[in-house]
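Only one structure is covered here, and it is reproduced in the block below.
No value in this document is a laboratory result; all are computed from the given coordinates. Source: prediction; values computed, not measured. As a convention, Cβ positions derive from the backbone with ideal geometry for all residues, glycine included, and neighbour counts pool all protein chains shown.
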Amino acid sequence: MDKRIVPLIMCGGAGTRLWPASREVHPKQFLPLFGARSTFQNTLVRVSDPTLFERPIVVTNKAYRFMVLEQLGEIGIEADVLLEPMRRDSGPAIAAGAAFAQARDEDATVLALAADHVVHDTPAFLAACRQGLVAAQAGQIVTFGVRPERAATEYGYISPGDITSGEVRSVAKFVEKPDPATAAEYIKAGYLWNSGNFMFRASVLLDEYSKFDAHTVQAVTRAVLKAGRDLGFITLEPDAFESAKAISIDYAVME
């Protein structure tokens, strides 16, 4: 398989749900919560195999730019760092990353990952990425489901549909965070946790996003094209990015 994946690491959140360990000035994705490295660093190391992954893109809030640069240096990984002038949630952030990846490679396939997740089985993760790449190259938007360990009410769920190939299945529907009784029923029915991580061809994601909110896609594309470059950072053009609608990628496209 010649095509490689562009990792898109989302690490602009404030992480306030883990307060007081995680604070807006030093959010959880930059903390060494599990071992010597932060979850941000572990996420980057996880997608560092050059036979499968290309140079990563990191999207973060401008307030965290020097933390990002320092932690990249500690693990010896280089990345293109896109700075959000203001927070607009995951929808515009992922769209901006996709637009940047597409500007580098018209046929780019992107893996959008949260920077604060813990993955215990890296070989299984990489195997899922390889299967996802085939589906994404065929024009599908791929989401990664997690087998539930409990009837969690803090996560959204995915109802899996028919098998399309290997362990890849269609999505019957997304459902929002349930109450405890409903969560228990979801688990009995074979639902999966929605990890919030996605793989897609950049062009496909932007086309799908445009069907629901063409203005935001135009705004973030303009923010990328007019981005400034300084000290190794790429700062999205503020006026264009500010006009994008603040919304999660789940609400903007997936659901």
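What the table below lists for this structure:
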read-out	value
Net +/- balance of residues flanking ILE57 in space, Cβ distance below 10 Å, scoring K and R +1, D and E -1	0
Counting all C-alpha pairs of the chain, share separated by more than 23 Å (%)	51
Signed unit charges on C-beta, dipole axis of the chain, positive-most listed residue LEU44, VAL110, PRO32	PRO32
Note, ³J(HN,Hα) from phi for segment 233-241, Karplus 6.51, -1.76, 1.60, rounded to Hz, x at Gly and Pro	9, 10, 9, 4, 4, x, 5, 5, 5
Theoretical gain in end-to-end length, GLU176 to LEU126 [0.36 nm per residue, Cα-Cα removed]	15.3 nm
Rough spin-label spacing in nm, given labels placed 7 Å along Cα→Cβ, for LYS3 and ILE163	2.3
Residue-span extension gain [GLU154 to ALA189] - 0.36 nm each, minus C-alpha spacing	10.8 nm
For the chain, built as a Gaussian network whose Cα springs stay under 10 Å, the top-fluctuating residue of LEU31, LEU82, LEU231	LEU231
10 Å beta-carbon shell around GLU255, net charge (K/R +1, D/E -1)	-1
Computed lengthening from ALA63 to ALA246, 0.36 nm per intervening residue step minus Cα-Cα distance	64.0 nm
Residue-count net charge about ALA219 - beta-carbon cut-off 12 Å; Lys, Arg +1, Asp, Glu -1	0
Projected-area average for segment 112-155 over all orientations - Cα convex hull basis, square nanometres	3.9
Helix-only CD estimate at 222 nm, as mean residue ellipticity for the chain, using -39500 (n - 2.57) per DSSP H run (n ≥ 4)	-11000 deg cm²/dmol
For q = 0.18, 0.19, 0.26, 0.28 Å⁻¹, Debye-computed log10 I/I(0) when each Cα of segment 178-244 counts as one equal scatterer	-0.79, -0.82, -1.07, -1.12
